[in-house]
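The values are calculated or read from the model by the stated rules, or taken from the named source; none is laboratory data. All figures in this text were calculated on a predicted structure; none of them were measured in a lab. So basically every Cβ, Gly included, is an ideal-geometry build from the backbone, and we count neighbours across all protein chains shown. Calculation scope for accessible area: heavy atoms of the full protein, side chains included, ligands and nucleic acids excluded. Shrake-Rupley method; radii C 1.70, N 1.55, O 1.52, S 1.80 Å.
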Amino acid sequence: MQRSSPSQAEVTLSLFCVVAAGVLALLYLWSRRDFATDTSAVVDSLLLACFVLLLPLPLQRSQRWWSSSAFLTLIGLVLVSLAGALAPMINLRPLFISAGAVLTIYALLRWLRREPFFKAVLFLLLPLLAGMALAGTIWEGSYLHPLFPEALPLGGAYMDRDTLFHASFTSMFEYFGVPATGLDGIPFTSYHFGAYILFSQLSRLLSIAPLTFLQMTYPILMMPLVLKSLGSVALTLQGLLPTASAHGRLLGNWWFWGLILFGALGFLPYNLQMAMVIPSTIVSQTNVVGIIIGLLLIGLIVALLRDVKARQWQLNFADQAMFLLGIPLVFAYASLAKISVGFPLLMMGGYAFWRVRLYVRRPILIGMGVSVVLFGVVYMLTNSTSGSYPSKPMLMAIIATTVPLQYVAFWHFLSFFWTLLFVGLKCRQLNLHTLGDVRTAFRERRMVDAEALVVAAVLGSAPAFLLDIPGGSGYYFVDVQNWIAVAFLMSGLAGVANARISFQDFFLRRIWNVRLRTLALNVVGAALALLFVTNTLTIFAHFVTHDFAIRSGLAHLSDEQQTAQDFIVALTELAGQPASERRNALVYIPPTLQSYWNGQTCDIAPFVAPAVSGFAQIEGLSSECTTLNPNYWASIRWEQAYHPSADLAAVCRRAQAMGFESLLIMTDDPVVAIERYVCP
């Protein structure tokens with residue numbers, strides 16, 4: 001069998017993700033037809049995604065860890081973030097956009113030279129479907145829909161609190177460098193804010209509003225990048241252990257592509273998946289960033305250990321710096337993006353560290369200690385004991401509070417399916433038939449990968465079963481082991497790396513020579529392919545239906561909705577103000593302005609102004625919201641944003657104490673407007 005180099009496999013994977021990104025960009029433009037859209041910003045977002053996805057390809061010149069896809073992808077993310085930080089001083093956007101275009105042409109020409117043209121064209125149908133599936137998953141409802149800002153006046157199901165919250169947080173980070181909601185000035189808010197650091201720099205680099213970034217650039221860049229990270233880890237894991245098999249050519253490897261799609265998007269029929277509360281977690285922005293960084297961290301560690309082991313553990317300065325500082329910092333950032341990602345990684349990494357005796361290497365021992373300390377610091381930064389709704393101890397919490405009773409028995413099996421599949425295939429590969437065989441393999445360290453994965457599944461998901469975490473967020477602790485298990489399965493560590501379908505064997509008399517096992521596998525593969533297509537069409541239909549529902553609603557606005565639209569337009573006009581103005585003025589929406597506050601729930605209304613305008617508010621809650629329990633954001637003390645005795649003079653004194661000089665006061669008398677008031 002002809003085998004391609006890992007670099008060629010990386011090219012195939014990267015172009016798969018680039019095509020998926022292109023599909024997302026086109027669908028975004030389609031959804032925003034007839035609405036004002038900056039097409040150049042969409043193109044810039046796509047080419048920036050191409051830069052990050054393709055940067056490793058021309059730089060992979062050796063087997064050293066610093067030439068690995070994981071390390072180079074991390075470098076790409078660091079570069080675009082630094083460019084965003086420097087954007088007020090120098091515009092580097094054209095450089096990265098041009099580089100993205102050049103890298104795309106380079107990768108495409110290189111790929112087509114080594115792949116049969118007809119098969120390559122047929123293969124591109126797969127990322128087209130993947131792009132549709134990703135679009136349907138991320139845009140099927142109001143969460144990040146391309147028409148989200150226009151749909152805000154419709155209220156109800158068209159206003160998503162998560163999107164507004166994330167946009168508010170990103171805006172505060174972009175303009176003030178502080179993790180804050182912007183409800184009442186910019187006080188530090190304990191929350192996993194790592195993703196907002198990245199989002200704020202990227203939105204600044206592209207010169208777009210944070211809300212636009214979340215609707216447009218985030219899906220185009222981050223959705224394909226999570227697939228790229230998953231596939232890159234699998235490719236890096238090849239050869240780490242003697243049992244890892246080579247993939248050969250990725251073009252027709254349905255084991256690899258099936259796992260990457262079902263692993264990321266779910267393997268159950270859509271309606272059953274929703275009913276059993278086993279969601280696709282790629283809809284969470286913070287979780288996706290944490291998963292991306294976590295997977296890249298695993299790939300980097302694997303590449304580094306493989307490299308230094310090949311050199312008989314002769315560590316140079318760069319190796320030691322990476323063990324002592326680089327890996328701990330990447331781990332800390334993954335935890336800062338999502339603490340539910342960092343905790344399972346720490347459990348898994350700690351077990352592997354002990355199990356393979358890495359503690360005998362002093363730099364690794366110190367690096368592990370630094371990682372533990374940094375995780376403690378991140379935990380203190382992201383979890384406040386003073387929150388209004390702290391997590392409470394509860395046995396089997398996620399089952400009791402989330403999973404419907406009729407699905408409990410199946411939920412455990414399906415939630416840990418990928419880990420169970422890997423462990424089962426690993427036992428089959430090692431020919432383990434009894435518990436005695438497993439004990440022997442354990443003593444001989446022949447299944448360390450399976451052991452570490454089980455630790456990530458059991459200990460890593462423990463908070464979900466022991467703490468009642470508000471907002472259903474406990475599932476994120478359960479989800480991490482699935483991503484790692486899928487990467488392990490894709491890599492061939494369990495002895496399966498290829499699953500090819502040869503359709504020509506089913507023609508004429510040759511079908512009688514097909515082995516029954518091969519026939520059965522092809523039937524199962526066809527059924528799974530049909531399931532993927534059906535799920536894709538289902539969620540894509542939801543996206544299209546929601547699109548038309550928004551357009552219909554906007555065409556028949558009630559008087560109240562028309563007023564709400566006027567408020568949104570006024571706030572949107574503020575989004576074009578310079579950063580200096582944002583640091584000088586606060587938006588003030590009087591609690592008596594009922595035409596603004598009515599019709600919006602307390603967990604949504606406060607975030608509209610900072611999310612849409614990018615300005616921080618002062619006293620950003622209505623009088624009703626101090627008595628209604630939002631019961632959602634566990635780490636936010638809502639009452640800090642309301643002062644019932646405040647008048648305009650008092651509001652000004654508080655604004656000045658925060659370092660602001662002006663108020664932008666919302667009014668509806670006689671028409672909706674925002675009036676500037678300079679505090680005396």
How many residues, within the stretch 432-465, are outside any helix (DSSP H, G or I) and open to solvent by less than 30 Å² (accessible area, probe 1.4 Å)? 4
Identity of the residue in the stretch 112-143, part of a helix (DSSP H, G or I), within 20 Å of the chain's Cα centre (by Cα) and of a type in the set (Gly, Ala, Ser), that ends up surrounded by the fewest Cβ atoms within 10 Å (Cβ to Cβ): Gly136
Counting only residues in the stretch 159-173 that are touching a Phe, Trp or Tyr at 6+ places or on another chain (Cβ under 8 Å) and open to solvent by 10 Å² or more (accessible area, probe 1.4 Å), the one modelled with the highest pLDDT is identified as Phe173
Output yes when any residue across the stretch 119-136 is touching an Asp or Glu at 6+ places or on another chain (Cβ under 7 Å) and charged (D, E, K, R), and no when none is. no
Could you tell me whether the stretch 616-638 includes any residue that is at pLDDT 90 or above and closer than 30 Å to Arg32 by Cβ? yes
Quickly run through the stretch 40-56 and pick out the residues that are in contact with a Leu (Cβ under 7 Å, 6 or more places away or on another chain) and not acidic (Asp, Glu). Ala41, Val42, Ser45, Leu48, Ala49, Cys50, Phe51, Val52, Leu53, Leu54, Leu55, Pro56
The stretch 106-139, residues that are without any contact (Cβ under 8 Å) to a residue 24 or more places away in the chain and either touching a Leu at 6+ places or on another chain (Cβ under 7 Å) or aromatic (Phe, Trp, Tyr) (or both): Phe117, Phe118
Single residue of Ser98, Ser68, Ser62 found to be more than 28 Å from Gly326 (Cβ to Cβ) and hydroxyl-bearing (Ser, Thr, Tyr): Ser98
Taking the stretch 70-94 and keeping only residues that are open to solvent by 30 Å² or more (accessible area, probe 1.4 Å), of a type in the set (Val, Ile, Thr) and out of contact with any Pro (no Cβ under 9 Å at 6 or more places or on another chain), one is left with Val78, Ile90
How about the stretch 179-213: which of its residues are open to solvent by 30 Å² or more (accessible area, probe 1.4 Å), β-branched (Val, Ile, Thr) and at pLDDT 90 or above? Ile197, Thr212
Can you tell me which residue among Ser284, Ser229, Ser207 is polar (S, T, N, Q), closer than 30 Å to Leu365 by Cβ and touching a residue at least 24 places away in the same chain (Cβ under 8 Å)? Ser229
Given the structure, is Leu103 part of a helix (DSSP H, G or I), crowded, with 16+ Cβ neighbours inside 10 Å and in contact (Cβ under 8 Å) with a residue 24 or more places away in the chain? yes
Residues to consider are Val378, Val458; find the one that is of a type outside the set (Phe, Trp, Tyr), under 28 Å from Val330 (Cα atoms) and touching a residue at least 12 places away in the same chain (Cβ under 8 Å). Val378
Residue within the stretch 550-562 that is within 16 Å of Ala157 (Cα to Cα), open to solvent by 60 Å² or more (accessible area, probe 1.4 Å) and under 26 Å from the mean Cα position of the chain (by Cα) present: no
Residues Thr382, Thr401: which one is of a type in the set (Ser, Thr, Tyr), over 24 Å from Ala494 (Cα atoms) and open to solvent by 60 Å² or more (accessible area, probe 1.4 Å)? Thr401
Select from the stretch 404-431 the residues that are within 19 Å of Phe256 (Cα to Cα) and either within 25 Å of the chain's Cα centre (by Cα) or buried (at least 17 other Cβ atoms within 10 Å of the Cβ) (or both) and list them in ascending order. Phe417, Trp418, Thr419, Leu420, Leu421, Phe422, Val423, Leu425, Lys426, Gln429
What number of residues in the stretch 43-65 are open to solvent by 30 Å² or more (accessible area, probe 1.4 Å) and at pLDDT 95 or above? 4
